[in-house]
Amino acid sequence: MTQLRPAASTAPTLDEVARVAGVSRATASRAVNGGSRVSASAQQAVDEAVRTLGYVPNRAARTLVTRRTESVAIVVPEPDDRVFSDPFFAGTLRGVNDVLAEREIQLVLLMARHGAEEERLLRYLSHRHVDGAVVVSHHRDDRLAAAMARIGLPCVFGGRPFDESTGVPYVDVDDVAGGREATRHLIEVGRRRIGTIAGPADMTAGVDRLTGWRQAMDEAGLATDAVVHGDFTELGGRAAAEDLLAAHPDLDGLVVASDLMARGALQVAAAHGRRVPDDLAVVGYDDLGVAEATTPPLTTVRQPVHEMAERATRMLLEQIDNGGIGDAVRLIIPPSLVRRQSS
């Protein structure tokens, strides 16, 4: 019996794909590399030939032709332990990867703290080892927005950067509205001495959620002196709650800028004999799984992290497909309040 391909033959080539599909080599190449200017019938014929022959595109050769690496970075200027313990990052990674998987684009995770690690990261990006980057959890001092604008690498920020004059595009939740809604909820259920555990003052999420709390308190004519900053971690939430309740033992409401910090605050309230919500009503921020598992379950502001990551990634891919050219889009997604037993 005659074999179509000898057992010792080399891997199938693009020329063979073109022959089996009945198209030119140029058409086969375009179809394999993304379908640009290829008719539906030719694309279908090439796809069938690729499956029949078991053809695998030569990524290295493709990179030389297209000057694309077929990889995208997610940049997180945070220490490792924070990235792997906070559900915000897991949700972000899933959202980014779900979109990249549709295009068979590789996700590269880059973590770097301020200083030498940041300089190394920027050198890596400036050498175009990736086609673009989604940047999340950025801080005032990391200067990433200005650096990315200078490098000219396609990028989208997850969250509003401090320096908006750089013109980098971003996707964010309306954190001012979220902080305001959380506070108004506690006011509506009758709380009048409401404190807050704010996020870090060097992150726009921390600043904006605190601004929303102040706005709602000012509207209601309530005191805004009970403020302590945390670091978005459970340990930081515990420390902040200890300080806040010691300084203001009359608090009957607490707005916390993340669910992890709120979980720490609930533990402190229980240790001090403060019943939630009878003595102290608590509202968190995120709704990424932590809020449903606290005791009692936590009322919280939901930020759609997976949706934000998906939309940021699609914006990035559009930039890359357009040769790095894109509008400075600023997409703001509204938050929503999820009521549970803690308030």
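Read-outs: derived from the displayed coordinates by stated rules, not from any lab. On a predicted model such as this, the values are computed, not experimentally measured, just so you know. Ideal geometry is used to build each Cβ from the backbone, glycine not excepted, and the neighbour counts take in all protein chains shown.
In terms of packing, defined here as the mean over residues of other Cβ atoms within 10 angstrom, the peptides 39-48, 285-294 line up highest first as 285-294, 39-48.
Rounded to the nearest 10 degrees, the inclination of helix 116-126 to the longest alpha-carbon principal axis of the chain is 40 degrees. In the chain, what % of DSSP beta bridges are antiparallel (nearest 5)? Antiparallel: roughly 10 percent of the beta bridges in the chain. Pick from ASP279, ASP175, ASP252: which residue has the top mean-square fluctuation in a GNM of the chain where Cα pairs under 10 Å get a spring? In this elastic network of the chain, the residue with the biggest mean-square fluctuation among ASP279, ASP175, ASP252 is ASP279. Label sites at ILE187 and ASP250, each approximated as a point 7 angstrom past Cα along Cα to Cβ, lie 1.9 nm apart. Only helical runs count toward this figure. For the chain, summing -39,500 (n - 2.57) over DSSP H runs of n ≥ 4 and dividing by all residues gives -13500 deg cm²/dmol at 222 nm. Here PHE162, PHE84 are placed in order of increasing Cβ neighbour count within 10 Å, fewest first, which gives PHE84, PHE162. When the Cα positions of LEU210, SER258, ALA269 are compared along the charge dipole of region 196-276, ALA269 comes out farthest toward the positive end, with charges on each C-beta of Lys, Arg, Asp and Glu.
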